[in-house]
1. Please work out the average accessible area per residue across the chain, using the 1.4 Å probe convention, and give it in Å².
2. May I ask which residue of Ile55, Ile4, Gln33 lies farthest towards the positive end of the charge dipole of the chain, with charges of +1 (Lys, Arg) and -1 (Asp, Glu) on Cβ and the Cα centre as origin?
3. Gain in length, Phe10 to Ala56, computed as 0.36 nm per residue apart minus the alpha-carbon separation, to one decimal in nm?
4. Report Rg/Rh for the chain, rounded to two decimals, where Rg is the Cα radius of gyration and Rh the Kirkwood radius.
5. Ignoring ligands, DNA and RNA, what percent of the 1.4 Å accessible area of the chain is carbon and sulfur?
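The values are calculated or read from the model by the stated rules, or taken from the named source; none is laboratory data. Here the structure is a predicted model, which is why all the values come from computation and not from measurement. In this analysis, Cβ positions are derived from the backbone assuming ideal geometry, glycine residues included, and neighbour counts consider all displayed protein chains. Note: areas computed on protein heavy atoms with side chains; ligands, DNA, RNA excluded. Shrake-Rupley method; radii C 1.70, N 1.55, O 1.52, S 1.80 Å.
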Amino acid sequence: MTRILVPEMFGVMAIATMVTVVLWLLSDLGIRQNIVQSGRGDDPAFLDTAWVIQIARDACSGSSP
């Protein structure tokens with residue numbers, strides 16, 4: 001990586017990465033934790049709803065974990 005980037009670009013890359021991670025963490029809805037804790041965790045309709053919400057979150061944020 002050090003040979004690819006100009007030294008001045010390391011700061012820009014660090015800021016871009018930090019912004020991306022912060023936005024991803026702030027938009028976390030806890031869907032996986034909700035499925036595990038819910039009594040309806042085996043219900044296909046509940047899982048389909050959680051799946052759609054996760055897809056919409058990823059589409060809006062433009063990234064995936």
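1. Details: 5370 Å² over 65 residues.
Here the per-residue accessible area is 83 Å².
2. Ile4
3. On the way: separation 46, 0.36 × 46 = 16.56 nm, distance 3.17 nm.
Residue separation times 0.36 nm, minus the Cα-Cα distance, leaves 13.4 nm.
4. Details: Rg = 17.3 Å, Rh = 14.2 Å.
Using only Cα positions, Rg/Rh for the chain is 1.22.
5. Numbers: 3660 of 5370 Å².
The C+S portion of the solvent-accessible surface of the chain is 68 percent.
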